[in-house]
Amino acid sequence: SKREGRNRYHFFSKAVDDAASARLQLEADMRRALAAGQFIVHYQPVVHGRTRDAVAVEALLRWDRAGQGLQSPAVFIPVAEESGLIVPMGHWVLRQACEQLRAWSGTALGGISVAVNVSPVQLAQADFVDTVADVLHATGVDGSRLEFEITESTLMQDPEATLEMLRRLKGLGVRIAIDDFGTGYSSLGHLKRFPVDTLKIDHTFVRDLEADADDRELVRAILAMARSLRLHVVAEGVETEAQAAILAAMECPAFQGYLFARPAGAAVTAAWLQDRAAT
Ligand code: C2E
Ligand code: CA
Ligand code: CA
Ligand code: CA
């Protein structure tokens, strides 16, 4: 009946209102947290596949939301992207990561490089390269110490504009990694066109390496392709010795995952790195 229809409408519209207001609240809280310095950068080591020396760290954003504990970036990054807040937020992460590199230079960790996740929304900003150049200049960090991780889908969204942006970033000496590799649709031909340095094999292919022969073949194929294109490879989400052994047998150049170290604050990660930095 008409009455039921209206009730249902009210029901859905209330649910939509609730979701919208929760999202607005999240956005407002993020904005405040950014201004108040309530975000934190955690660092997770990347290790050499054979020697297991630490070769790099990935910067991962954390938000200790008042009264609600640590929020997952998987939840708040998409909202930050929709609202555009990812632009100042990403700038802040980059700045933190470079200041950390600066602090580590001249110590046993001087050879470490840092990987920073970059959102497609950031890449679409006309002044992104200038922003990066400013941060490098202000912190005195060499561009070669920095790697930007972008996803395959970012690459494919607007290939021409992205190619131009990546070329300009390469001009600063920054390296480019394709994140979550294997989950998108980039072809070999595409990869060759882009100035990419590293492939990060998505954790979903690493997870079932022991049980799934198809995944083993897929990873083997990615590694063979990377070798012929002279690309560096990091396998993500390595959690067990068995996975590491399979990857090592395939001569995977580098690993990242809980087996080695979880993401942690700079001091904890630095202590871990002190023991394992290549000398
Ligand atoms: P990602 O770039 O693929 O980062 C790797 C994720 O895998 C991280 O989740 C990390 O904590 C997790 N991880 C590491 N080792 C293991 C493992 O052995 N097993 C499993 N199951 N997971 C592992 P996290 O920190 O929750 O970040 C989630 C995503 O949020 C990231 O995925 C990235 O896409 C995004 N993100 C994080 N920080 C930033 C940032 O500063 N900027 C942007 N744009 N995105 C970010
Ligand atoms: Ca990443
Ligand atoms: Ca990834
Ligand atoms: Ca991801």
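The values are calculated or read from the model by the stated rules, or taken from the named source; none is laboratory data. All figures in this text were calculated on a predicted structure; none of them were measured in a lab. Heads up, the Cβs are rebuilt from the backbone with ideal geometry, glycines too, and the neighbour counts pull from every protein chain shown.
Before moving on, here are some points about what is shown:
- The listed residues are R193, R207, R168, and the only one of them that is at pLDDT 95 or above, away from ligand 1 (no atom under 16 Å from the Cβ) and out of contact with any strand residue (DSSP E or B) (no Cβ under 8 Å at 6 or more places or on another chain) turns out to be R168.
- Restricting the stretch 157-192 to residues that are of a type in the set (A, V, I, L, M, F, W, C) and in contact with a Leu (Cβ under 6 Å, 6 or more places away or on another chain), the residue that is farthest from M225 (Cα to Cα): M165
- For the condition under 21 Å from I178 (Cα atoms) and exposed (fewer than 14 other Cβ atoms within 10 Å of the Cβ), E241 does not qualify.
- Residues located in the stretch 33-83, provided they are within 18 Å of the chain's Cα centre (by Cα), modelled with pLDDT under 95 and of a type in the set (G, A, S): A54, S72, A74
- Extreme residue, nearest to V41 (Cα to Cα), among residues of the stretch 245-279 that are buried (at least 18 other Cβ atoms within 10 Å of the Cβ) and β-branched (V, I, T): T269
Quick grid of which residues meet (1) within 22 Å of A97 (Cα to Cα); (2) at pLDDT 95 or above:
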| residue | (1), (2) |
| --- | --- |
| M225 | no, no |
| S228 | no, no |
| E241 | no, yes |
| A249 | no, yes |
| F255 | yes, yes |
| P263 | yes, yes |
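- Applying the set (1) charged (D, E, K, R); (2) assigned to a strand (DSSP E or B); (3) surrounded by fewer than 19 Cβ atoms within 10 Å (Cβ to Cβ) to E217 leaves exactly one unmet item: (2).
- The residue list E82, E58, E99 contains one member that is among the charged types (D, E, K, R), out of contact with any strand residue (DSSP E or B) (no Cβ under 6 Å at 6 or more places or on another chain), closer than 27 Å to V234 by Cα and within 15 Å of ligand 1 (Cβ to nearest atom), which is E99.
- Highlighted here are the strands (runs of 3 or more DSSP E) found entirely within the stretch 1-120 that include at least 3 residues which are closer than 30 Å to A138 by Cα: 39-48, 54-65, 113-117.
- Scan of the stretch 162-198 for residues that are aliphatic (A, V, I, L, M) and either in contact (Cβ under 8 Å) with a residue 60 or more places away in the chain or closer than 17 Å to S119 by Cβ (or both), ordered by number: M165, L166, L169, V174, I176, A177, I178
For every residue, the table says whether it meets (1) modelled with pLDDT under 95; (2) surrounded by fewer than 16 Cβ atoms within 10 Å (Cβ to Cβ); (3) in contact with a helix residue (DSSP H, G or I) (Cβ under 7 Å, 6 or more places away or on another chain).
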{"residue": "C98", "(1), (2), (3)": "no, no, yes"}
{"residue": "R102", "(1), (2), (3)": "no, yes, yes"}
{"residue": "T107", "(1), (2), (3)": "yes, yes, no"}
{"residue": "I112", "(1), (2), (3)": "yes, no, yes"}
{"residue": "A115", "(1), (2), (3)": "no, no, no"}
{"residue": "S119", "(1), (2), (3)": "no, no, yes"}
{"residue": "A124", "(1), (2), (3)": "yes, yes, no"}
{"residue": "V132", "(1), (2), (3)": "no, no, yes"}
{"residue": "V135", "(1), (2), (3)": "no, no, yes"}
